[in-house]
Every structure is written in structure tokens, then in C-alpha cells.
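Notes for the one structure printed next.
The values are calculated or read from the model by the stated rules, or taken from the named source; none is laboratory data. The model shown is predicted, which means the values in this text are computed figures rather than measured ones. Neighbour counts are summed over all protein chains in view; Cβ atoms, including those assigned to glycine, are modelled from backbone coordinates with ideal geometry. Only protein heavy atoms, including side chains, enter the accessible area calculation; ligands, DNA and RNA are left aside. Shrake-Rupley method; radii C 1.70, N 1.55, O 1.52, S 1.80 Å.
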Amino acid sequence: MCGIVGFTGNHQAAPVLLDGLAKLEYRGYDSAGIAIRDGKSNTEIIKEKGKLKVLGEMTDWGNAVRGCCGIGHTRWATHGEPSALNAHPHSSDDENVIAVHNGIIENYQELKEKLSKQGYTFKSQTDTEVAVKLIDYYYKKYNEGPVDCIVRAMLRIRGSYALCVMFKDYPDEIYTARKDSPMIIGIANGETYVASDVPAILKYTRNVYYIGNHEIARLEKGKVTFYNIDREEISKPLTEIKWDAEAAEKGGYEHFMLKEIHEQPKVILDTINSVVQNGQISFESVDLSDDVMRSIRQVYIVACGSAYHVGMAVQYVIEELTSLSVRVELASEFRYRKMSLQDNSLVIIISQSGETADSLAALRSAKKQGVRTLGIVNVVGSSIAREAESVFYTLAGPEISVATTKAYSTQLIAGYLLALQFAKARAEITDERYAQLISEINSIPAKIEKILSDKERIQWFSSKLVGIKDAFFIGRGIDYAISLEGSLKMKEISYIHSEAYAAGELKHGPISLIEDGTVVISVVTQPELYEKTVSNMVEVKSRGANLVGVTTYGNYAMEDTADFVIFVPKIDPLFAGSLSVIPLQLMSYYVSVGKGFDVDKPRNLAKSVTVE
Ligand code: F6R
């Protein structure tokens, strides 16, 4: 996601910051900035939208900005579009406090209101500017010092943060604080570095301190002092980093895809927390009112590839929870259909990149017919996000691997929350069921962690699939939607021919393809459809299939039918897809690794399909 680098030492800071930020480019970003101190109280803040190259050219690669202490940032927009104004560093109006921030401040609206009452005004749309001004407010109100005012702010802020702060009165110092957002501090040759990720400072030092949650550090040249939230000084061990530079960029994972698979619990939680507070969904940030939701009669979900598969799963959830009629359409087909959309329809476009040409064209064609539109989009400020009337941002962060995993999972979450909010606004759900379903959605991250903790078993089984030519995925209802995604993952990164079928369709043709050893992966999480799918499994088994079952703990009888069974935790069946998809992602990943393919960049594919 965003990248942070800070430096205080005897060299010029700007080139160190730009060099460090360049090492974090793989994380993806839309704007960048630096703030440099010249040892007195003069500060220069330079920030711009776009690639680091733009900032590099503006500053002659750092050589045009003089000063030995500074902080830098590459931003991946979450609050406010990518722009120079929203880029970090942010500062208080008198530049008393200047900071960069990674993470999300969940209660920034509430804090903004509090500060507005104290006369603060805001230039940007970011949550970071609110944090900066909160720190400034406490600094001036209590007149105690940097650590104290940062602690006071930390006690008020809800959410996640890695903060690097500079104060006018302390020109050679940087203060950092963190909660649930990574940050490391390194020391070498009488100079001190801070970064959100190892690669940024690996060139300068391998000796680092890991700053813990709710801890604060004061960085001086060649010296760091740590404090806990009670403002007591604490000591921390120095750790040596042994990774090579490339491994460091992937956070120790062999591929971005595996890293992104592991990020799913966190980004799902972020996406939930962006609209759920105290057990209630608020769509204020999405800009979709209950009145509008009540007026809708027909929903169209339009998307491509994996995002289309999300639509397939969400269709079942909306139809189960509401009386709405839902159609899921491939954007490439929808855009050329001569469909007349009714006035009281909602067209939902799902897109990670927000730039997929067909999805964008579908959005425009819906708008042309005067129909209300909603984007479920990951990239802030992308074309679909800009052009849709309402936008639900998934907070997956930048996805580097071409095959989507974490963006897909956050899109599912957005779809569930949308379904639930529709049901609530239209009075089609009881308060008890609503509360129960919110709590089930909240349980998803921990349940995914549990599946990931057993990934070695999936890895072991996947090694046996490396030589296969074909694979079939079957399921019914939501399990069918997940089968479509499992099948796409398998074919796109492992180059194994694979098909997904609604289990009930097997008899209508595909079953003739089953022969001795054909791999059939069956997703069976829906209690009402369990027996039906198991009988389809028995049918393929008796024709020689090598059968894999993905089902819920408790369905142990499946072991009598399938050759290999993967169990996922119990959850309300409406959300089971969020769990059953994880083993399928892992399976395709391990098969691709086993075949020695370039997992993150499969042949012929692009991350963002901006042409038809
Ligand atoms: C598959 C995959 C693609 C995308 C599709 C839509 O792993 O990533 O199928 O889902 O190209 O892309 P977005 O979501 O950017 O519109």
C-alpha cells in the first residue's frame, strides 16, 4: 500500500528518501511527496500526483532540496482522489507539525468535526491531514512535547497507522508511532532511517528495530529512543535482516500472489470497517441512501472475469435477503445488448482497476439510459470510480499479481454488505438476523487465517496435480459461483485446461469428458444443496474421477466419497464463498509454482484490460 521513508543524518536527506521510495514502487502508488528540514526551522514540502519520476524530475532527484532530515511518502489513495493536494506529507497551517501516514483512520470524520470546532480548516480530503492537525492541537494545547501530543492523538485515533512526524521546534528529529501498520527503524554510521518496509533501507543498513503496536520512537542522528503509550522509555532489541533485496519486496513471500493471498484477512477487515461501525452499516461514504435503495426494483451486476464471478456469488446473497431481482452480466456482452433498462434499476459495476474497457463502456451505456449506477472499485480516482454515481471502495490496496485474490475477496465483502443494507433499508430483514449476519461477516478474517494456517496440506496435495491436463470444478448456487473462480485461477496461472459447471448440468453433456483420473473439484458448502451435489460427485467418481471436495467442518462423510477433502470453518452459508475460495486460490498457486511458471505474470495476460 502506501510507502514511508524517513532519514536524519549527516548526508542530504532528499536523495536518500527518493531512493528508498523507489525501492517501494512495487507496492503501487498514485502520488508521492517529501518534506525536508534544513537544520533550522525551514521546511520544504514537495509533492505531486503520478510516478516518483515526476517528483524526481521536480527536485533534480533530490539534489535541489537541501537539508539532512526529512520524510517521504508514496500514496495509494483511500480517502480522496489521487492529487497533489491529497498527497503526503501533510502539515498544520503554520507547518508546526508535518507528517506522512500509512493506514486508515476510521474515526477521521468525528475528529475532523472536533477540530473544526477549534477553528481548524482542511485543505485535503485525507484522514492524514486530520491526524496531523490533531497532533498539532494537542501540542499547542498542553505544551508538553512531541511524544506527549502524539500519545494523546493515538488515544483518540481509531484505525491503523504508521506515522512519521516532524515538529518545527525539533529540526533534526523525526517521531514515529504505529498501530497495525508496519514500520522499521535502522541505524548505521551515526545516521537513522525509518521505513514502512525493509527494501527502502536495506541498501544502508541491515540492523533494524521493529517498532511495536502502540509504541512511539524519537529518531535523532544515529540514535533512537522508544516509548510505550504510557510515555515510559522502553528498550528494544536490534535485529539483523537476512533477506535478499527481492525477497524483501515481497515481504518474505516467494510471490506477490502468495503475499496477497495472506493479506486477505487484513484487507477484508479494512473493507468491513470502512462502512460498518458499532454493528451498523452506513453507506454515507458510498453515497447510496436508504431512500434510493427502497426505490430500486431491478439490479444488474456487470463485470469481467473474476469480478463477474463476484457478481454471480453476490446475486445469490441479494436474492436470498431481499425481494429484488438480480441479473449478472458480462460487461463485454452487456455493452452491446439492446436491453432497455427500467428507470428503477441499479447497475452495479465491479472492477478492481476501475479501468477495464468493457466495464467502463457498460457503465456509460447504463448512464446513457438514465439508470442509477454504483461502482465497486479498488483504485481510487479510476475512470469507473469517477463516472459512477455512487462508489463503494474496496480497501484491498494495490494488487500486483495479475491473478486477483485479495481484490476479489474484498469485492465479495462489498457485495454482502450491499445485500444486507438493501435488506435493512427495505425492511426485509429482522434486527436479529441483521445483527447475526454482521457478526458472521466480521468472523470472516479470522476464519481465513485458520484456512491459511493449514496451507501445507493443500500444498502437498497440489504437488500431485502438476502433471494433469484437465480439471473440472462443480458446485451449486454460491458453490457454483466459487467454482467459476477456482477454475479461472487454475487455468490462468497453471495453464491447465479447466472448466466450471453447475453440478446439475453435468448430465447434460460434460460428464462424457470424465474418464479415469480426471480431476474434479467439488465445492459443497450449501446445506440445502449438499446431498444433490454429493450425488453428482458419486456419479463422476463411478466414472473414474479423482475427486476433491471442499466443504465445511462437520461434513465428515464427504471423506467416504472424495479422494481428498479440504474443510473450511463453519459460517452462514451466504458467506461460505469467502472461505471456500481460499483453498482454490492456494491450489492454483501451488500448481503453478510446481510447474515452474511465472505466477505473478501469467503469459498473455495484463492486470488492467483497458482495450476491448
Ligand atoms: C483474474 C482477473 C481478471 C479480472 C478482470 C477484471 O484473476 O484478475 O479476470 O478480474 O480482468 O478486472 P477489473 O476487476 O480490474 O475490472
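Compared with the rule-of-thumb size 2.2 N^0.38 Å for a compact globular protein, segment 1-79 has a Cα radius of gyration ratio of 1.00. Under the shape rule built on the C-alpha gyration tensor, where the axes satisfy a ≥ b ≥ c, segment 303-346 is oblate, since a/c reaches at least 1.5 while a/b does not exceed b/c. Angle of helix 13-23 to the longest C-alpha principal axis of the chain, folded into 0 to 90 degrees and rounded to 10: 10°. In a reduced charge model with +1 at each Lys and Arg Cβ and -1 at each Asp and Glu Cβ, segment 502-574 shows a dipole moment near 80 debye about its Cα centre.
Here segment 272-341 and segment 24-76 have alpha carbon centers that stand 40 Å from each other.
At a threshold of 8 angstrom on Cα-Cα distance, excluding pairs fewer than six apart, so keeping six or more, what relative contact order does the chain reach in percent? Dividing the mean separation by the residue count of the chain yields 11 percent.
Would you calculate a helix-derived [θ] at 222 nm for the chain, using -39,500 (n - 2.57) for each DSSP H run of n ≥ 4 and dividing by the full residue count, to the nearest 500?
Values: 20 runs with 224 residues, N = 612.
For the chain, the value works out to -11000 deg cm²/dmol.
When Lys and Arg each count +1 and Asp and Glu each count -1, what net charge do the other residues less than 12 Å away from Ile493, Cβ to Cβ, add up to?
On the way: positive: Lys489, Lys491, Lys595, Lys601, Arg603; negative: Glu492, Asp598, Asp600.
Its environment carries a net charge of +2.
Quantify how much of the Cα-Cα distance distribution of segment 191-246 extends past 18 Å, in percent. The partial results should precede the final answer.
Details: 537 of 1540 pairs.
Considering segment 191-246, 35 percent of its Cα-Cα pairs are separated by more than 18 Å.
Computed from backbone phi, the HN-Hα couplings of segment 415-425 come to x, 4, 5, 5, 4, 5, 5, 4, 4, 5, 4 Hz, rounded to whole numbers (Karplus: 6.51 cos²θ - 1.76 cosθ + 1.60, θ = phi - 60°; Gly and Pro given as x).
The radius of gyration of the Cα set in segment 132-225, together with its Dmax, comes out at 13.3, 41 angstrom. Considering every pair of different Cα atoms, what Kirkwood radius, in Å, is found for segment 289-399? By the Kirkwood definition, the hydrodynamic radius is 13.8 Å.
Under a 5 Å amide H cut-off, with hydrogens placed 1.01 Å from N, Asn546 pairs with Gly517, Thr518, Val519, Val520 among residues at least 5 apart or on other chains.
What does the charge add up to near Gly119, with Lys and Arg as +1, Asp and Glu as -1, over the other residues with Cβ less than 14 Å from its Cβ? The partial results should precede the final answer.
Values: positive: Lys112, Lys114, Lys117, Lys133, Lys140, Lys141; negative: Asp93, Asp94, Glu113, Asp136.
Overall, the nearby charge balance is +2.
Only the Cβ atoms of Lys and Arg (+1) and of Asp and Glu (-1) were treated as charged; on that basis the dipole of the chain about its Cα centre amounts to roughly 520 debye.
Every Cα-Cα pair in segment 421-516 was counted, and those over 20 Å apart are 60% of them.
Once backbone amide H atoms are built at 1.01 Å from N, Glu215 has Arg178 as its partners under 5 Å, excluding neighbours fewer than 5 places away on the same chain. A full extension of the chain between Arg543 and Ala64 corresponds to an added length of 165.2 nm, given 0.36 nm per residue minus the alpha carbon distance. In terms of its C-alpha gyration tensor, segment 76-167 comes out rounded, because the ratio a/c of the largest to the smallest axis stays below 1.5.
Positive-end ranking of Ala307, Ser340, Val275 along the dipole of segment 263-355, with charges on Cβ about the Cα centre, is headed by Ser340.
Kindly state, as a whole number, the per residue volume in cubic angstrom of the convex hull around the alpha carbon atoms of segment 519-612.
Details: hull volume 14.6 nm³, N = 94.
Once divided by residue count, the hull of segment 519-612 is 155 Å³.
Helix 108-117 axis versus longest C-alpha principal axis of the chain: approximately 40°, rounded to the nearest ten. A Förster distance of 22 Å, applied to the separation of the beta-carbon atoms of Ser289 and Lys367, puts the FRET efficiency at 0.70.
Given a 1.4 Å probe and heavy atoms of the protein chains only, how would you sort Asp270, Asp94, largest accessible area at the top?
So, going from the largest accessible area down, we get Asp94, Asp270.
Shown here: segment 426-467, whose C-alpha atoms stretch 52, 20, 10 Å along the first, second and third principal axes, sorted largest to smallest.
Among the listed pairs Lys51/Lys250; Lys464/Lys532; Lys203/Lys406; Lys53/Lys179; Lys450/Lys532; Lys450/Lys595, those with a Cα-Cα distance over 24 Å are Lys464/Lys532; Lys203/Lys406; Lys53/Lys179; Lys450/Lys532; Lys450/Lys595. For Tyr300, the residues whose modelled amide H falls within less than 5 Å of its own, excluding neighbours fewer than 5 places apart on the same chain, are Arg327, Leu346, Val347, Ile348.
Working out 0.36 nm times the residue gap between Asn143 and Ala84, then minus their Cα-Cα distance, what length gain in nm do you get to one decimal?
Details: separation 59, 0.36 × 59 = 21.24 nm, distance 3.16 nm.
Length gained, Asn143 through Ala84: 18.1 nm.
Just so you know, the Rg over Rh for the chain is 1.00, from Cα atoms, with Rh as the Kirkwood radius. The tail of the calculated P(r) for segment 495-543 beyond 15 Å holds 43 percent of all Cα-Cα pairs.
Sequence-ordered 3J(HN,Hα) estimates for segment 345-350 from the Karplus curve with 6.51, -1.76 and 1.60 and θ = phi - 60° stand at 9, 10, 9, 9, 9, 9 Hz, glycine and proline given as x.
Using the Cα centre of the chain as origin and beta-carbon charges of +1 (Lys, Arg) and -1 (Asp, Glu), tell me which of Ala423, Ser608, Ser578 is placed farthest towards the positive end of the dipole. So the residue furthest toward the plus end is Ser608. Using C-alpha pairs under 8 Å with a sequence gap of at least 6, the mean separation divided by the residue count of segment 140-237 gives a relative contact order of 25 percent. Based on the alpha-carbon gyration tensor of segment 1-147 and its eigenvalue square roots a ≥ b ≥ c, which shape applies: rounded if a/c is under 1.5, prolate if not and a/b is larger than b/c, or oblate? Note, shape of segment 1-147 comes out oblate. Here the gap between Asp598 and Asp431, fully extended at 0.36 nm per residue and compared with their Cα-Cα distance, gives a gain of 55.3 nm. Simple rule: put +1 on each Lys or Arg Cβ and -1 on each Asp or Glu Cβ in segment 110-171, find the dipole, and look at Met154, Tyr139, Tyr120; the Cα lying farthest toward the positive end is Tyr120.
Calculated from the alpha-carbon coordinates, segment 30-117 shows an Rg and a Dmax of 13.9, 41 Å respectively. Evaluating 6.51 cos²θ - 1.76 cosθ + 1.60 at θ = phi - 60° for every residue in segment 481-496, the Karplus couplings come out as 4, 6, 4, 4, 5, x, 5, 5, 4, 4, 6, 6, 10, 9, 6, 9 Hz, glycine and proline recorded as x.
With an 8 Å cut-off on Cα pairs and a minimum separation of 6 or more residues, tell me the relative contact order of segment 255-359 in percent. Spell out each step's value before the answer.
Values: 101 pairs, mean separation 30.8, N = 105.
Across segment 255-359, relative contact order equals 29 percent.
Local charge sum around Thr322 (other residues, Cβ-Cβ under 15 Å, Lys/Arg +1, Asp/Glu -1)?
Details: positive: Arg294, Arg297, Arg327, Lys424, Arg426, Arg433; negative: Asp290, Glu319, Glu320, Glu428.
Combined, the nearby Lys, Arg, Asp and Glu give +2.
Here the spin labels are modelled as points 7 Å beyond Cα on the Cα-Cβ line, and at Val611 and Leu238 they lie 5.4 nm apart. Rolling a 1.4 Å probe over the protein heavy atoms leaves His101 with an accessible area of roughly 0 Å².
Taking all pairs of different Cα atoms in segment 177-289, averaging 1/r and flipping that mean, what Kirkwood radius in angstroms comes out?
On the way: mean 1/r = 0.0605 Å⁻¹.
Taking every pair of different Cα atoms in segment 177-289, averaging 1/r and inverting gives 16.5 Å.
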